[in-house]
Amino acid sequence: MSSLVVVSHPDPGSLTQHAARSVAEALRATGEPVEFADLAAEGFDPSFGTADLDLFRGTGEMPDDVATEQRRIDRADHLVVVFPMYWWSFPALLKGWIDRVFVNHWAYEFSPGGSFEAKLGRLTVHLLVVAGDDAESFRRHGVDVAVGTQIERGIIEYCGATLGSTTFLYSSDTRSSEELATDVRRIAGDLTARIADHEPAAV
């Protein structure tokens with residue numbers, strides 16, 4: 001069982017980075033292979049440019065950096081995406097990674113005739129969202145519903161992947177570092193247990 005942990009935050013000392021590295025370390029402790037992708041440190045370009053548009057239109061080739069990311073995901077049974085919530089969704093870097101990497105002919109197959117095939121059925125995706133607000137506020141304003149619509153259904157299920165879990169690390173701006181550290185350890189342990197107990201999808 002292999003996992004790919006993807007983190008989107010430019011500050012290596014941030015809570016988001018700490019949470020992602022804690023998850024990766026907990027997974028490695030099980031003896032299973034784990035890859036770690038720090039999109040900011042690696043300099044991934046999130047801009048959907050001319051080459052991406054040509055690929056979308058069927059007139060161009062897959063950009064090399066996109067193909068590299070797809071191969072990394074192809075090596076994993078579980079994809080763990082760790083990010084801070086910005087405006088009820090992904091930060092721009094992570095959104096651009098999704099826009100450029102989860103494309104037609106790899107994540108799904110859509111033909112001009114209208115046929116559609118989801119192509120990531122072998123993959124299980126886990127979301128770890130670092131949130132400044134508290135759980136009650138998220139429920140009251142429907143932020144959890146927005147995540148379900150935009151990300152869980154709009155991306156993960158659309159591509160045929162399985163949603164393994166969505167976990168929120170709440171009140172990241174107001175709780176003590178000790179309390180947050182305890183929560184991160186618990187979340188890393190819970191995610192590792194879920195992944196260890198999960199049977200990979202048949203290819």
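Taken together, the values in this text are just the output of simple stated rules run on the coordinates, not laboratory data. Here the structure is a predicted model, which is why all the values come from computation and not from measurement. As a convention, Cβ positions derive from the backbone with ideal geometry for all residues, glycine included, and neighbour counts pool all protein chains shown.
For the reader, a short list of remarks on this structure follows.
- Degrees between helix 177-197 axis and first principal axis of the chain (Cα, 0 to 90, nearest 10): 50 degrees
- Principal-axis tilt of helix 92-101 within the chain, Cα atoms, nearest 10 degrees: 40 degrees
- Highest to lowest packing among 136-149, 22-35, scored as the average C-beta count within 10 Å: 22-35, 136-149
- Modelled spin labels at residue 89 and residue 11, positioned 7 Å past Cα toward Cβ, are 2.4 nm from each other.
- Environment charge of residue 119, counting only residues whose C-beta is closer than 14 Å and scoring Lys/Arg +1, Asp/Glu -1: -3
- Of the GluC sites (Glu not before Pro) found in the range 53-110, those in coil by DSSP whose Cβ has at most 14 other Cβ atoms within 10 Å are 61.
- Charge tally in the Cβ shell below 12 Å around residue 169, where Lys, Arg are +1 and Asp, Glu are -1, residue 169 excluded: -3
- The range 35-66-the range 169-189 distance, computed between alpha-carbon centres (Å): 33 Å
- Computed from the C-beta positions of residue 67 and residue 175 and an R0 of 35 Å, the FRET efficiency is 0.30 to the nearest 0.05.
- Projecting the Cα atoms of 67, 46, 1 onto the charge dipole of the chain, computed from C-beta unit charges around the Cα centre, puts 1 farthest toward the positive end.
- Less than 5 angstrom separates the built amide H of residue 79 from those of 4, 124, 125, 126, all sequence-distant by 5 or more or on a different chain.
- Angle in degrees between helix 64-74 and the longest Cα principal axis of the chain, rounded to the nearest 10: 60 degrees
- Positive minus negative residues near residue 41 (Lys, Arg vs Asp, Glu; Cβ under 13 Å): -2
- Inter-probe distance in nm under a simple model that places probes 7 Å from Cα toward Cβ, at residue 57 and residue 30: 4.5 nm
- Under 14 Å from the residue 2 label point (7 Å along Cα→beta-carbon), backbone N, the range 12-29: none
- For the chain, the 222 nm mean residue ellipticity estimated from helices alone, with every DSSP H stretch of n ≥ 4 adding -39500 (n - 2.57) and the total spread over all residues, rounds to -11500 deg cm²/dmol.
- The structure-derived value of Rg and Dmax of the Cα atoms in Å appears in the list (1) 17.0, 56; (2) 17.3, 52; (3) 19.3, 71 under the label (1).
- Phi to ³J(HN,Hα) by Karplus 6.51 cos²θ - 1.76 cosθ + 1.60 over the range 133-138, Hz, x for Gly, Pro: 8, 9, 5, 5, 5, 4
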